[in-house]
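The values are calculated or read from the model by the stated rules, or taken from the named source; none is laboratory data. Note that the structure is a prediction, hence the values are computed from the model and not measured. Note that each Cβ is placed from the backbone with ideal geometry, even for glycine, and that neighbours are counted across all protein chains shown. Just the protein is used for accessible areas: all its heavy atoms, side chains included, with ligands, DNA and RNA removed. Shrake-Rupley method; radii C 1.70, N 1.55, O 1.52, S 1.80 Å.
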Amino acid sequence: VMKFADSGFSSYYFHSRKRILDGFGCACVFLQGVIFGKAIKAVPLPSPPAKYSAMVRRPFPLSHGTTTLGFVFQGGVIAAADTRASITPIHSHLVVTSSGSGADCMLWERILAREIRLYQLRHRRRLSICGTAKLLSFMLHPFKGTEVCVALTLCGWDKGVTASTNSGPKLIYVCSDGARLQGDVFSVGSGSPYAYGVLDRELRWCLSKEEAISLAREAVFRATHRDAYSGNNVDLFHITAQGWIGYMYYYRTGALFLCCL
């Protein structure tokens with residue numbers, strides 16, 4: 001943890017029973033550690049400290065606007081977004097749709113990818129989608145009430161490597177106040193009300209792959225048509241037990257670009 005002061009900064013090395021964030025900022029809850037070899041008492045650390053979080057105001061408001069969606073059907077999980085948002089593959093069986101502040105979303109996606117990779121190296125197995133969502137929620141919760149703006153939807157497939165892990169498609173929404181919701185359909189962003197209108201009418205469990213892709217594409221397109229902050233092309237991922245397949249669809253010409261894992 002780095003503590004900044006007027007005269008410079010001092011490095012503090014903490015040991016925590018529950019490590020929430022490693023190397024990218026402040027940790028959370030009650031930490032007990034060592035300052036240059038000397039023991040200190042457990043002290044609650046605000047995240048971030050009030051006097052630092054309140055003293056700087058942005059000179060301009062951040063613009064928030066996009067359309068992202070994800071849903072589960074009998075053939076796997078579909079994740080789609082307009083190209084003003086982003087869909088980021090984290091590993092072969094997990095992609096993340098992001099909505100909110102672009103810089104915040106990119107930072108937390110990188111942190112999440114790093115933590116998953118470290119877990120895999122330590123334990124010789126991949127962290128489950130539910131475990132990934134729980135880890136992300138724990139990392140984001142200390143920033144509740146700050147100007148961090150992140151809304152991530154985890155779209156993936158669990159292989160069920162342990163007895164406690166249920167294999168199959170998973171769709172979990174995590175936002176910057178630490179909230180974590182699991183469901184069968186989510187749409188996030190300024191265009192989400194329009195996307196929900198299409199999804200609520202057409203979404204069924206028994207959709208074929210082609211019908212599911214067409215539905216997701218149509219929902220994002222209708223949202224971009226009605227929402228001033230959404231637009232451009234449609235990025236789409238289909239996640240199955242074999243991994244993800246990515247598509248980019250340009251609606252006006254019907255051009256389709258395929259990206260396989």
Condition first: aliphatic (A, V, I, L, M), open to solvent by less than 30 Å² (accessible area, probe 1.4 Å) and at pLDDT below 95. Can you find one or more residues in region 243-250 that meet it? no
Anything in region 91-132 that is over 23 Å from residue 169 (Cβ atoms) and hydroxyl-bearing (Ser, Thr, Tyr)? List them, or say none. 101
Could you count how many residues in region 131-162 are outside any helix (DSSP H, G or I), in contact (Cβ under 8 Å) with a residue 40 or more places away in the chain and not aromatic (Phe, Trp, Tyr)? 13
Filter region 207-235 for residues that are open to solvent by less than 10 Å² (accessible area, probe 1.4 Å) and not in a helix (DSSP H, G or I) and give the result. 207, 230, 231, 234
Filtered residues of region 177-207 (kept if out of contact with any Phe, Trp or Tyr (no Cβ under 9 Å at 6 or more places or on another chain) and of a type in the set (Phe, Trp, Tyr)): 194, 196
